[in-house]
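Before any comments, here is the structure.
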Amino acid sequence: MVNTMRKQNERTARRIELFFLLLAFPFFCGRANAQSTRTGHEEPPGNSSALEEYKIGPDDVLQISVVDAPEFGGKFRVSDAGLIEIAGISTPIHAEGQSALGLAHTIQAALLDAKQLRDPHVTVFVEEYHGRTITVLGAVSKPAVYSLQRRTTVLDAISMASGTLPNAGSAVTVVRGRASAEATGTEVGSVQIIDMSRLVKGEQTTANVEVRNEDVINVSSAQVVYVVGAVTKPGGFTMSNPSEGISVVQAIALAEGFRSVAATHRGVIVRQSTSGQGRREIPVNIALMMAGKDTDLLLAPNDILYVPESTGKKTLKTMGDVAMAAVNGLAIYGLGYRVGTAH
């Protein structure tokens, strides 16, 4: 009986000991992580791998601290040549291309070689990122030059520009700078065209390539057709699939049909000529097309489909003028694009 009680007490004690070990585990992990970060450098936000560690570039601003020797530290801007100058070290230190940790070790070695300190402890923090930039242009919300703080892909770059506009196309062009040209074995200025529609569907994930210093990312604008006049919701409609296009009947559906005063038998397509002959006005009988009694014409990019009102008659040229004025009004008053989903 006594032996049984002793064994039960031992099992209970082990369970209590295990319980307290589990409670203490997060604390010790936190201490270990905190100690591992005190290695004389700071990494850019969101950077958890050595492969993604930011490399210092010209015009970056660095905060350098030397423990117990503040006279050697301070704020330093990397020169165009990639150098920084530290008091007490006769030769400028090459900072460009180094990580914060690597530069901290370089400064430590330089202080030892200069016999300034016996056991220097150096910390480097990148305070401002200017040395590595990309340019994001085209149909994005905020086209601008952006600093690279970590490994960045095409989708990351578009996200930095606050995403695409409603009229964005599916083609993204990456013009390679020197860093990308060296990494890919191509020439500076070479171009890679990425199909965004396939990329976001997960059909071409390898196309989400890394972008590097001096790369230019350009998001194309989608091809647009306009529907104006006596329709429910006039506007510009982007072609979700330019290869298939949008027909007259599909365009009317995208504009949510006609108003009650629409003269559906007297529509007109206003088409800008590419041959220098000016615009063309093409009469269309939308009513017959919708009834399947006439060919449903495909609209070309930037075509204007105008549906006049039944009150009064206008010449083709006059209707063309009215259609052009309506489209200009859409642009002036900022009516948004709608994305075509017709198939």
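All of the numbers you see were taken from the coordinates with simple rules; none came from a lab. All figures in this text were calculated on a predicted structure; none of them were measured in a lab. Here the Cβ is made from the backbone with ideal geometry for all residues, glycine too, and neighbour counts use every protein chain on show.
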For the pair Arg118 and Val200, what calculated FRET efficiency results from E = 1/(1 + (r/R0)^6), where r is the Cβ-Cβ distance and R0 = 45 Å, to the nearest 0.05? 0.20
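In which sequence would Thr133, Thr295, Thr152 go, from the one with the fewest C-beta neighbours within 10 Å to the one with the most?
Working: Thr133 17, Thr295 11, Thr152 21.
Fewest-to-most ranking of Thr133, Thr295, Thr152: Thr295, Thr133, Thr152.
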Please go through the stretch 62-97 and write out the GluC sites (Glu not before Pro) that DSSP classes as loop and that have at most 12 other C-beta atoms within 10 Å. Glu85
So which trypsin sites (Lys or Arg not before Pro) in the stretch 102-157 pass both tests, a DSSP loop state and at most 13 other Cβ atoms within 10 Å of the Cβ? Lys115, Arg118
Of all DSSP beta bridges with both partners in the stretch 133-221, the antiparallel percent, nearest 5, is 80 percent
Under a plain spin-label model, where a point goes 7 Å from the Cα along Cα-to-Cβ, how far apart in nm are Arg280 and Gln192? 4.1 nm
Based on other C-beta atoms within 10 Å, arrange Leu112, Leu148 from fewest to most. Leu112, Leu148
Give me the number: length gained by fully extending Thr232 to Glu71, i.e. 0.36 nm times residue separation minus the C-alpha to C-alpha distance, one decimal in nm. 50.7 nm
Extension length gain for Glu127 and Ala109 (0.36 nm per residue less Cα distance), in nm, is 4.2 nm
Local electrostatic count, Leu117, Cβ distance below 14 Å [Lys/Arg +1, Asp/Glu -1]: -2
Tell me the label-point distance for the pair Glu182, Asp296, using the 7 Å Cα-to-Cβ offset, in nm and rounded to one decimal. 5.6 nm
With each label point set 7 Å from Cα along the Cα-Cβ vector, what nm distance links Gln63 and Glu85? 2.5 nm
